[in-house]
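Q: If you scroll down you'll find the structure; I have some questions about it.
Nothing in this text is a laboratory measurement; each read-out follows from the coordinates by a stated rule. Just so you know, these numbers come straight off a predicted model, no measurement behind them. Counting neighbours? That spans all protein chains shown, and the Cβs are built from the backbone with ideal geometry, glycine included.
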Amino acid sequence: MLKPGDLAPAFTLPDQHGNKVRLSDHRGAKVVLFFYPKADTPGCTTQACGLRDALPELGSAVVLGISPDLPAKQATFDEKFGLGYPLLSDPDHAVADKYGVWGEKRMYGRTYEGIIRSAFLVDEKGKVAEAWYKISPKDTATFVRRALDRS
């Protein structure tokens, strides 16, 4: 698990439009990075729309969402809810592994591997400022706003 002060793992992933997005592209800006299990599901929609609605309060912070969904599914999700920020595709969960958010989950008595919903605030130098593992979808925007207010 990452903790504040750790260097945020580098990545390059395609967004919903097929453009390559690198974490290093945003050096010099704060980055809100959130991992969600599956586009257009109730919890993920709550989380993504909560961050969309909070964008005016996040100042110049960049918001990036990451899930195992392919770019076309991410594009549909973005269009349906007017999210307006990059949704990155990590189908082999390589980036999720680097951030420690791919792991065992249980639902309805079934055990499987998947995204453990989490969020990170990365500072201007590329270091983890905050890490929220197993974050509630409805709390993500609130935690991010509070952290940005303190920084």
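Q: Counting Lys +1, Arg +1, Asp -1, Glu -1, what net charge surrounds G103 among other residues with beta carbon under 12 Å of its beta carbon? Intermediate results must be reported in sequence, preceding the final value.
A: Details: positive: K105, R106, R117, K134; negative: D97, E104, E113.
So the environment of G103 carries a net charge of +1.
Q: Shifting gears a bit: Just grab the label-to-label distance for K105 and D149, each label 7 Å out from Cα along the Cβ direction, in nm (one decimal).
A: Inter-label distance under the simple model: 3.0 nm.
Q: Sequence-distant or interchain residues sharing an amide H contact under 5 Å with V63, placed H: which?
A: V32
Q: Using DSSP to define loop residues, name the trypsin sites (Lys or Arg not before Pro) in the range 1-107 whose beta-carbon has at most 16 other beta-carbon atoms within 10 Å. Don't skip to the answer; put the middle values down first.
A: Numbers: sites: K20, R22, R27, K30, K38, R52, K73, K80, K98, K105, R106; in loops: R27, K30, K38.
In loop regions of the range 1-107 (DSSP not H, G, I, E or B), the sparsely surrounded trypsin sites (Lys or Arg not before Pro) are R27, K38.
Q: Please list, in order along the range 20-37, the HN-Hα scalar couplings obtained from phi with the Karplus expression 6.51 cos²θ - 1.76 cosθ + 1.60 (θ = phi - 60°), rounded to whole Hz, x for Gly and Pro.
A: My calculation for the range 20-37 gives 6, 10, 10, 4, 5, 4, 10, 4, x, 10, 6, 10, 9, 10, 10, 9, 9, x Hz in order.
Q: Starting from the 7 Å offset along Cα-to-Cβ, what nm value, one decimal, do you get for the label separation of D92 and K125?
A: 3.2 nm
Q: Could you check the simple spin-label distance between S136 and L7, using points 7 Å along Cα→Cβ, in nm with one decimal?
A: Computed distance between label sites S136 and L7 equals 3.6 nm.
Q: Using just the helices of the chain, give the 222 nm mean residue ellipticity in deg cm²/dmol: DSSP H runs with n ≥ 4 each add -39,500 (n - 2.57), and the total is spread over all residues, rounded to 500. Intermediate results must be reported in sequence, preceding the final value.
A: Working: 4 runs with 40 residues, N = 151.
One gets -8000 deg cm²/dmol as the mean residue ellipticity at 222 nm.
Q: Taking amide hydrogens as modeled 1.01 Å from N in the peptide plane, which residues meet the under 5 Å criterion relative to I135, leaving out close sequence neighbours?
A: When sequence neighbours closer than 5 places are left aside, the close amide H contacts are S118, A119.
Q: Here is a follow-up. Starting at the first residue of the range 46-59, write each ³J(HN,Hα) from the Karplus equation 6.51 cos²θ - 1.76 cosθ + 1.60 with θ = phi - 60°, in whole Hz, x for Gly and Pro.
A: Computed from phi, the couplings for the range 46-59 are 4, 5, 5, 6, x, 6, 4, 5, 8, 3, x, 8, 8, x Hz.
Q: Among T46, T111, which comes first, second and so on when ranked by fewest other beta-carbon atoms within 10 Å?
A: Arranged by neighbour count, lowest to highest, T46, T111 become T111, T46.
Q: Magnitude of the Cβ-charge dipole of the chain, K/R +1 and D/E -1, about the Cα centre, nearest 20 debye?
A: 300 debye
Q: Would you mind telling me the antiparallel percentage of the DSSP bridges in the chain, rounded to 5?
A: 70 percent
Q: Please give the net charge around N19, taking every other residue with its beta carbon less than 14 angstrom from that of N19, where Lys and Arg add +1 and Asp and Glu add -1. Walk me through the numbers before you get to the answer.
A: Working: positive: K20, R22; negative: D15, D25, D78.
Within the 14 Å Cβ shell, the charges total -1.
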